[in-house]
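Enquirer: To start, I am sharing the structure in question, which I have written as structure tokens.
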Amino acid sequence: MLIPARMSEAEEQRWVTVMLDKLAAQESKNKRVPGDNELAERAEQLSAQYFDGRARPTSVRWVTNQNTRWGSCTPAEGSIRLSHRLQGMPEYVVDYVLLHELAHLLVPGHGPRFWRLLDAYPRTERARGYLEGVVAADRLPHPPSARGD
Ligand SMILES: [Zn+2]
């Protein structure tokens, strides 16, 4: 980092702090994730596009307490929850999980009728492959340490 000449140590510290804050702000802007409202809007669009608008969730939100499932829904309440682990994944993957849960509002379980619904979404197989890859990568052993043991 280039630091302007003739700064006192205190000035220098302050300057570095300001620059780091700016970088952090930029970073979080680039990795912006949709909020719950946007998620609900997205669900509405997807339902309209693929399910003739028949799936109508009452709430769609991110949750951080879901580490073994990507999404879940409570059909009786019409609520859908997506794991925060999906944040930062490609949009088509998040869309797939949203559609998957939307489909459960129409068809419980994973029978042929359920998958027929999801066949309408052209990236179902690709998204499932992506998520399987993420799970597999999580299970890989950690790389050997730099100490060489
Ligand atoms: Zn399911």
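The values are calculated or read from the model by the stated rules, or taken from the named source; none is laboratory data. Everything quoted here is computed from the prediction, not taken from an experiment. Here the Cβ positions follow ideal geometry from the backbone for every residue, glycine too, while neighbour counts run over all protein chains shown.
Enquirer: Of all residues in the range 50-76, count the ones that are free of Cβ contacts under 8 Å to residues at least 12 places away in the same chain, under 15 Å from VAL107 (Cα atoms) and not aliphatic (A, V, I, L, M).
Expert: Matching residues across the range 50-76 total 3.
Enquirer: Taking into account only those residues within the range 47-68 that are within 16 Å of ASP36 (Cα to Cα) and out of contact with any strand residue (DSSP E or B) (no Cβ under 7 Å at 6 or more places or on another chain), which is farthest from the ligand (Cβ to nearest atom)?
Expert: THR64
Enquirer: I'd like the full set of residues that are more than 15 Å from the ligand (Cβ to nearest atom) and farther than 17 Å from VAL63 by Cα, limited to the range 87-106.
Expert: Correct list: PRO90, GLU91, TYR92.
Enquirer: Related question: Do we have VAL60 as at pLDDT 95 or above, buried (at least 18 other Cβ atoms within 10 Å of the Cβ), part of a helix (DSSP H, G or I) and not hydroxyl-bearing (Ser, Thr, Tyr) here?
Expert: Answer is no for this residue.
Enquirer: Given the criterion over 20 Å from GLU44 (Cβ atoms) and more than 19 Å from the chain's Cα centre (by Cα), identify the matching residue among PRO75, PRO141.
Expert: After ruling out the rest, the residue left standing is PRO141.
Enquirer: Which residues, taken from the range 63-82, are of a type in the set (D, E, K, R), surrounded by fewer than 14 Cβ atoms within 10 Å (Cβ to Cβ) and closer than 24 Å to ASP138 by Cβ?
Expert: Of everything in the range 63-82, just one residue is of a type in the set (D, E, K, R), surrounded by fewer than 14 Cβ atoms within 10 Å (Cβ to Cβ) and closer than 24 Å to ASP138 by Cβ, namely ARG69.
Enquirer: Just for the range 69-86: of the residues that are out of contact with any helix residue (DSSP H, G or I) (no Cβ under 6 Å at 6 or more places or on another chain) and in a helix (DSSP H, G or I), which one is nearest to the ligand (Cβ to nearest atom)?
Expert: So the residue we want is ARG85.
Enquirer: Identify the residue in the range 107-123 that is away from the ligand (no atom under 12 Å from the Cβ) and within 18 Å of GLN45 (Cβ to Cβ) and, among all such residues, is modelled with the lowest pLDDT.
Expert: Selected residue: ALA120.
Enquirer: To continue, here is another question. Which members of the range 93-113 meet the condition of being surrounded by fewer than 16 Cβ atoms within 10 Å (Cβ to Cβ) and either among the hydrophobic types (A, V, I, L, M, F, W, C) or under 21 Å from LEU39 (Cβ atoms) (or both)?
Expert: LEU106
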